[in-house]
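Report on the structure given below.
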Amino acid sequence: MNRRRYLGLATAAMSGLAGCLADTEYTVSAVAVDDIAAPLALDVTPVDRNVTVDSPGTLALTLRNTGEKPIEIRTTGVWPFGMLGLSPPGERGPDAILLLSDQYEETDRVEVTTNSAHLDNTPLTNTLEGGESVGAQYEIHGQRVVDTGTYTLRGHFDAVPLSYREPDADGWTQYHLDVTVDLSKRSLLP
């Protein structure tokens, strides 16, 4: 191979890599779930900790009825968690990182595009029997992450994404998620 061709190929390869190196990659470095005084227990487990533009990180959420009696769960969008987001503690609104789920594509109650999200506010209600669990997976896409830090898991539009009602209760009780997710930068070099 002659020198000019080698230099041309090397320059083209480095130019291609320069675009890749500009995209920050993140890692889900920690997830903490605090117990809530409720007949429900929540578990959040990182399935894939690496968050890149090309490959999202994944969180698996499981909600369990810790009692013996059935409990009604109410949310909007998709059952049981609705649309979720990650927000810096104490903040809400457009700075939240929208978490994506395959469930959004399976319903006409949620519409997500690159720049927006819409939610049908019609309540969805279902029953979780005693000892029963239900779960869903949510993705953290790299192009939606702006910065590192400790984020709070919450509803994307409403801070409290679901409510529950025990048997013989007159009203609904809000289930406040008490979950933090730490995102840190991941080194692109070995």
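The values are calculated or read from the model by the stated rules, or taken from the named source; none is laboratory data. Since the structure is predicted, the reported quantities are computational estimates derived from the model, not experimental observations. A quick note on method: Cβ atoms are made from the backbone with ideal geometry, for glycine too, and the neighbour counts reach across all protein chains shown. These area figures cover heavy atoms from the full protein model, side chains too; ligands, DNA and RNA do not enter into them. Shrake-Rupley method; radii C 1.70, N 1.55, O 1.52, S 1.80 Å.
So the values come out like this:
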read-out	value
Cβ-Cβ under 9 Å pairs, at least 6 apart or on other chains, the stretch 31-47 side touching a residue at least 60 places away in the same chain (Cβ under 8 Å), far side part of a loop (DSSP other than H, G, I, E, B) and polar (S, T, N, Q)	Ala38/Thr66; Pro39/Thr66; Leu40/Thr66
Residue in the stretch 85-104 that is on the phi > 0 side of the Ramachandran plot, surrounded by 14 or more Cβ atoms within 10 Å (Cβ to Cβ) and part of a loop (DSSP other than H, G, I, E, B) present	no
Residue tally, condition under 19 Å from Leu100 (Cα atoms) and among the small types (Gly, Ala, Ser), over the stretch 127-173	5
Verdict on Leu124 being hydrophobic (A, V, I, L, M, F, W, C), without any contact (Cβ under 8 Å) to a residue 60 or more places away in the chain and assigned to a strand (DSSP E or B)	yes
Within the stretch 57-81, tally of residues that are under 21 Å from Ala159 (Cβ atoms) and assigned to a loop (DSSP other than H, G, I, E, B)	5
Filter result for the condition that a residue is part of a loop (DSSP other than H, G, I, E, B), under 17 Å from Ser163 (Cα atoms), open to solvent by 60 Å² or more (accessible area, probe 1.4 Å) and not polar (S, T, N, Q), over Asp54, Asp35, Asp108, Asp43	Asp35
Matching entry among Leu119, Leu153, Leu124 (being among the aliphatic types (A, V, I, L, M), surrounded by 14 or more Cβ atoms within 10 Å (Cβ to Cβ), closer than 19 Å to Leu40 by Cα and under 19 Å from the mean Cα position of the chain (by Cα))	Leu153
Some residue of the stretch 159-175 being at pLDDT below 90 and in a strand (DSSP E or B)	no
Answer residue from the stretch 127-148, given it is over 30 Å from Pro39 (Cβ atoms) and assigned to a loop (DSSP other than H, G, I, E, B) and is most open to solvent (accessible area, probe 1.4 Å) among those	Val146
